[in-house]
1. Tell me the residue from Met338, Met313 that is part of a loop (DSSP other than H, G, I, E, B), in contact (Cβ under 8 Å) with a residue 24 or more places away in the chain and touching a His at 6+ places or on another chain (Cβ under 8 Å), please.
2. Counting just the residues of the stretch 1-46 that are farther than 22 Å from Gly170 by Cα and small (Gly, Ala, Ser), which one comes out surrounded by the fewest Cβ atoms within 10 Å (Cβ to Cβ)?
3. Looking at Thr294, Thr365, Thr337, Thr319 in this structure, which one is among the β-branched types (Val, Ile, Thr) and open to solvent by 10 Å² or more (accessible area, probe 1.4 Å)?
4. Mind checking which pairs have a first residue in the stretch 163-174 that is over 14 Å from Pro260 (Cα atoms) and a second that is in a loop (DSSP other than H, G, I, E, B) and among the charged types (D, E, K, R), Cβ under 7 Å, 6 or more apart or different chains?
5. Right, Phe237: outside any helix (DSSP H, G or I), of a type in the set (Phe, Trp, Tyr) and in contact (Cβ under 8 Å) with a residue 60 or more places away in the chain or not?
6. Just give me the residues in the stretch 166-215 being on the phi > 0 side of the Ramachandran plot and surrounded by 20 or more Cβ atoms within 10 Å (Cβ to Cβ), in sequence order.
7. Could you check how many residues of the stretch 103-139 are of a type in the set (A, V, I, L, M, F, W, C) and either within 17 Å of Asn72 (Cβ to Cβ) or within 16 Å of the ligand (Cβ to nearest atom) (or both)?
8. Do any residues in the stretch 264-280 that are on the phi > 0 side of the Ramachandran plot have Cβ atoms under 8 Å from those of residues that are aromatic (Phe, Trp, Tyr), where the two are at least six apart or on different chains, and which pairs are they?
Amino acid sequence: MANYRLRLPGPTEVPERVRQAIARPVVNHRGPEFRAELARAEALIQPVLGTVNRVLFFACSGTGMMEAALVNVVAPGERLLIVVHGQFGERFAAIARMLGAEIDLLEVPWGEAVDPAAVAERVRQADYRAVVVVHNESSTSVVSDLQGLGAVLRDNPALLVVDSVSGLGGVEMRQDDWGVDVVVSASQKALMCPPGLGLASLSAKAWAVVNREDRRPSFYWSFGKALASMEKSETAFTAPVSLVGGLCEALDMIHAEGLPNVLARHRRLSDALRAGGRALGLTEFGRAPVLSSTVVAFQVPDELDGAQIVRAMYQDHGTVIAGSRNRLSGRVIRIGTMGAFDTGTILTDLAHLEAVLTGMGRTITPGAGLVAANALLTASI
Ligand code: PLP
């Protein structure tokens with residue numbers, strides 16, 4: 001599609017190499033070709049997760065993996081502590097309620113990160129099966145301190161269950177070092193694939209909980225079944241074979257660039273986009289110690305409507321960015337800074353944003369966003 005720039009915080013643009021890999025003929029999902037591919041996908045994603053755990057793959061979106069994470073660890077009536085500092089924390093709470101879990105919420109103002117000391121305080125007061133947190137809150141552009149949370153829970157029976165749907169591959173994840181018990185993620189964000197492939201990785205501490213007899217049984221989402229199949233280099237049910245092929249290609253790209261370089265590129269370019277946005281008169285949303293390097297959120301000036309900015313970006317420039325579908329609706333715009341993107345990508349975003357804001361009557365020095373972003377980029381070379 002000409003002049004179509006997919007700049008959402010997921011799904012993200014899929015590189016040509018990955019699309020070519022996905023277009024290869026579909027093979028037997030229980031044959032030798034796919035077994036080799038699945039084993040390769042696992043080996044290539046383990047360093048991105050920072051783990052030596054087995055990795056489980058499912059045909060589903062990110063929400064499927066959120067549900068899978070909870071249904072595998074919590075039995076009805078058991079208690080979870082759910083950190084809510086944005087839309088996806090709220091979603092975790094909604095899923096947990098449906099599963100019949102008792103839930104306590106640790107609510108943090110949207111735009112801020114949870115303080116591990118607050119979690120430490122709560123786990124002293126009650127016994128939890130798990131503490132559930134979103135790594136990279138895409139709705140607010142805030143990154144959680146997983147290292148700090150892992151340290152709090154290391155000697156506590158509660159598991160640390162983490163959604164890294166919009167983090168993995170763009171924000172550092174060191175599952176084993178940090179003591180994260182369950183990580184779930186999905187293909188369509190920093191992993192540069194189309195939507196439809198979910199994954200999970202579990203610590204030994206998590207497996208001890210998953211393997212209990214008294215949980216509510218789950219069929220499609222059973223991590224136990226998934227692991228038994230992975231032992232044979234298979235998935236329990238028909239795998240999205242084409243997406244696994246695409247993921248291998250995307251991970252080859254990540255490793256060719258070098259994971260530390262990939263993470264640094266996300267940091268540098270998201271910082272530059274924020275600097276450019278500030279020069280256009282926008283204020284970044286979020287006051288956390290670490291703002292996301294995979295999604296940049298700007299507050300919309302009071303006199304403007306975020307939905308109008310999103311619409312004009314698309315209609316005038318073919319640049320597809322996101323607003324908000326929650327309590328921030330109209331007040332925040334969000335741009336993906338993950339996966340296959342480079343300096344040119346964010347400079348183009350800024351040029352389009354400048355034109356749109358100018359068209360809405362904002363007074364902007366021509367090129368101010370580009371100059372500010374460039375200053376930061378040249379300083380950080
Ligand atoms: N978690 C986070 C942090 C997300 O950003 C998203 C999607 O934007 C999801 C979960 C849900 O994923 P999906 O829309 O693939 O179900």
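The values are calculated or read from the model by the stated rules, or taken from the named source; none is laboratory data. What you see is a predicted model; the values in this text were computed from it and never measured. Cβ placement follows ideal geometry from the backbone for every residue including glycine, while neighbour counts extend to all protein chains displayed. These area figures cover heavy atoms from the full protein model, side chains too; ligands, DNA and RNA do not enter into them. Shrake-Rupley method; radii C 1.70, N 1.55, O 1.52, S 1.80 Å.
1. Working: Met313 fails: part of a loop (DSSP other than H, G, I, E, B).
From the options Met338, Met313, the qualifying one is Met338.
2. Applying the filter and picking the extreme gives Ala2.
3. Details: Thr294 fails: open to solvent by 10 Å² or more (accessible area, probe 1.4 Å); Thr337 fails: open to solvent by 10 Å² or more (accessible area, probe 1.4 Å); Thr319 fails: open to solvent by 10 Å² or more (accessible area, probe 1.4 Å).
Answer to the selection: Thr365.
4. Val165/Lys189; Ser166/Lys189
5. Numbers: outside any helix (DSSP H, G or I): yes; of a type in the set (Phe, Trp, Tyr): yes; in contact (Cβ under 8 Å) with a residue 60 or more places away in the chain: yes.
Against the criterion (outside any helix (DSSP H, G or I), of a type in the set (Phe, Trp, Tyr) and in contact (Cβ under 8 Å) with a residue 60 or more places away in the chain), Phe237 qualifies.
6. Initial filter on the stretch 166-215 (on the phi > 0 side of the Ramachandran plot): 169, 179, 192, 196.
The answer is Gly169, Gly179, Met192.
7. Summing the residues that are of a type in the set (A, V, I, L, M, F, W, C) and either within 17 Å of Asn72 (Cβ to Cβ) or within 16 Å of the ligand (Cβ to nearest atom) (or both) in the stretch 103-139 gives 10.
8. Between residues of the stretch 264-280 that are on the phi > 0 side of the Ramachandran plot and residues that are aromatic (Phe, Trp, Tyr), there is no close pair.
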